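A.B. asks: The structure under discussion is supplied below as structure tokens; questions concerning it will follow.
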Amino acid sequence: MFRRNRRLAVLSTLAATAVILSACAGSPEPVKTSTGEPDLDATLTVGLVLEPTNLDIRHTSGAAIEQILIDNIYEGLVTRSQDNEIEPRLASEYEVSDDGLTYTFTLNPEVTFHSGTALTSADVVASYEAVRTDATLQGNAEFANVASITAPDATTVVITLTEPNQNFLFTLTGPAGLVFQSGDATDLQTAENGTGPFTLENWSKGSTITFARSDAYWGEPAKVAEVVFEYIPDFTAGVNAALDGSLDVLTAVDPNLAPQLEDSGDFTLTTGRTTDKATLAFNNAKAPLDDARVREALRLAIDHEGLVEAVGAGETLYGPIPELDPGYEDLSDVAPYDPDRAKELLAEAGQEDLDLTLTIPSFYGTTVPQVLVSDFAKVGVTLEVDAVEFPTWLEDVYTNKDYELSFVLHVEPRDFGNFADPDYYFNYDNPEVQSLYAEALAEVDEDASAKLLAEAARLVSEDHAADWLYNGATITAVTPVVTGFPQDSINSRINLAGVAKAAE
């Protein structure tokens, strides 16, 4: 049995790395960092790209909603650090039995919901029982092997599984693990009643979401009085807003526009690791993409290093598991750049003059499509680009699977299970991969589980079930009066409790 204690949990942070992107001669003046004391009455304004469609994190999937709500508004028994290490949160400590079947959590004392009601183990049991029994709730599938959820007393929760699940504790760091007040009637689509360091103050749809510090928070209070999220889907408009002083922080900076911010001398640019997988999805069930030779040819036709250079940030990625996740392996040997071999494979498949359509959410811009159009043309493939609004992509591609090729950033960590799900929009069905993934989940030993995942990931890449164009990096522009803003994994969540802003 092992025990994790909140006081002893190691917080691993990465040093900030300045992004040198200026195309101009010479170097810009260094940004002067503020040494002032934090202004506890400050408002922090953060520029984001994708706005949630609603705030009901129990029923709504997607990174946009998790990015701002988890850790800030809602909390679970455990959470995760920027580099995906699991840490206690509402639980002061937890224990996992040697057989991997029993999880025992001890709650932190004096936790209250924003309504003022004290949190007890009964709220945890009710929240998790709902996830276990209600198929409409996020995480229901991941709770399939939960045998029981009990509360021996007001501060203890015991979860028992029918079989070990290596990912279960990590699942609790996401929407499935969030704790809600039992019997609460709050309309979660537009309001909230969490336990986090911030409350929802206002939502001006299509524009801003505003959080206010919760002065009754059970833990260390937030260091700013208010956070305003400005939603700016156009990358150029985001940079302009930063330059005119409207923003303290701009996330998801387009690398091609970053020099403007750097040259201004008003921002520090940092780059952070992510689990973002820039995925070129193939519809494995639709001809001619049901032919592995065609899928392999398309992968071999792509100059991945040139694409990363064009994008301006990130690293090449030739498989479904990024470096921050268990099971990562360098799979560049599977599909190296080889346009001549791509032509041969297309000829073997009888597809020398192939026309394909790429469906892509319009907010991703034109860089990736342009590179793909050019690379594919060199091997005789004509690529038509269909840029659509994100709701259309969700309906046509994700839900109805009506597409040939698609591009989207899959930002969720530890999501390899998508390739073990034949009903996922990839339409990829490999029983051996499914078996290996099941073995990896049931394996109690973390290292042994990671080896099984690596084996499964190699099979997926060798089947050319998709192409992974690159592992994204996130560039963030931060004014010198702001300290403590997260750098890694912020496309999936931004924990703002430790962010401070000095008086200017």
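A.B. asks: Give me the lysines in straight-line cross-link reach of Lys501: C-alpha distance below 16 Å, same-chain residues under 8 apart excluded.
C.D. replies: Filter leaves Lys32, Lys223.
A.B. asks: Could you tell me what fraction of 2.2 N^0.38 Å the Cα radius of gyration of region 207-351 comes to, as a two-decimal ratio?
C.D. replies: 1.49
A.B. asks: So what's the Cα pair-distance distribution over region 197-243, bin width 10 Å, in %?
C.D. replies: P(r) for region 197-243, in whole percents per bin: 26, 37, 28, 9.
A.B. asks: Can you give the percent of C-alpha pairs in region 165-262 whose distance is more than 21 Å?
C.D. replies: So the portion of pairs separated by more than 21 Å is 54 percent.
A.B. asks: Oh, and also: On each of the three principal axes of the Cα atoms of region 129-178, give max minus min coordinate, whole Å, ordered largest first.
C.D. replies: Its Cα atoms span 28, 22, 18 Å along the three principal axes.
A.B. asks: Here's another thing I want to ask about it. How far, in nm, would the chain grow between Thr156 and Lys378 when pulled straight, counting 0.36 nm per residue and subtracting the alpha carbon separation? Show your work: numbers first, answer last.
C.D. replies: Details: separation 222, 0.36 × 222 = 79.92 nm, distance 6.23 nm.
Difference between extended and current length: 73.7 nm.
A.B. asks: Provide, as a two-decimal number, the C-alpha radius of gyration of the chain over 2.2 N^0.38 Å, N being how many residues it has.
C.D. replies: 0.99
A.B. asks: Inverting the mean 1/r over all pairs of different Cα atoms, compute the Kirkwood radius of region 69-215 and quote it in Å.
C.D. replies: On the way: mean 1/r = 0.0634 Å⁻¹.
By the Kirkwood definition, the hydrodynamic radius is 15.8 Å.
A.B. asks: Next question. Quick one, what does Rg over Rh come out to for region 275-472 if you take C-alpha atoms and the Kirkwood Rh?
C.D. replies: 0.95
A.B. asks: Related question: Which aspartates and glutamates, on any chain, are close to Lys205 with Cα under 15 Å apart, when same-chain ones fewer than 8 places away are left out?
C.D. replies: Qualifying aspartates and glutamates at Cα under 15 Å: Glu51, Asp56, Glu230.
A.B. asks: Can you pull out the GluC sites (Glu not before Pro) in region 269-347 whose DSSP state is coil and whose Cβ has at most 15 other Cβ atoms within 10 Å?
C.D. replies: On the way: sites: Glu296, Glu305, Glu309, Glu315, Glu323, Glu329, Glu344; in loops: Glu323, Glu329.
The qualifying sites are Glu323.
A.B. asks: Once every DSSP H run of n ≥ 4 in the chain is given -39500 (n - 2.57) and the sum is divided by its residues, what mean residue ellipticity at 222 nm do you get, rounded to the nearest 500 deg cm²/dmol?
C.D. replies: Rounded to the nearest 500, it is -6500 deg cm²/dmol.
A.B. asks: Lysine pairs in region 275-472 with Cα distance under 26 Å, only those 8 or more apart or on different chains: how many are there?
C.D. replies: Details: Lys277/Lys286; Lys277/Lys378; Lys277/Lys401; Lys277/Lys451; Lys286/Lys343; Lys286/Lys378; Lys286/Lys401; Lys343/Lys378.
Going through region 275-472 pair by pair, I get 8.
A.B. asks: Next up: Please identify the longest segment of the chain free of exposed trypsin sites (Lys or Arg not before Pro), where exposed means a DSSP state other than H, G, I, E or B and no more than 11 other Cβ atoms within 10 Å.
C.D. replies: 33-504
Read-outs throughout are calculated quantities, based only on the coordinates presented, and are distinct from any laboratory measurement. Computed from a prediction, not measured in an experiment: that's the story for all the values here. We place every Cβ from the backbone using ideal geometry, glycine too, and count neighbours over all the protein chains shown.
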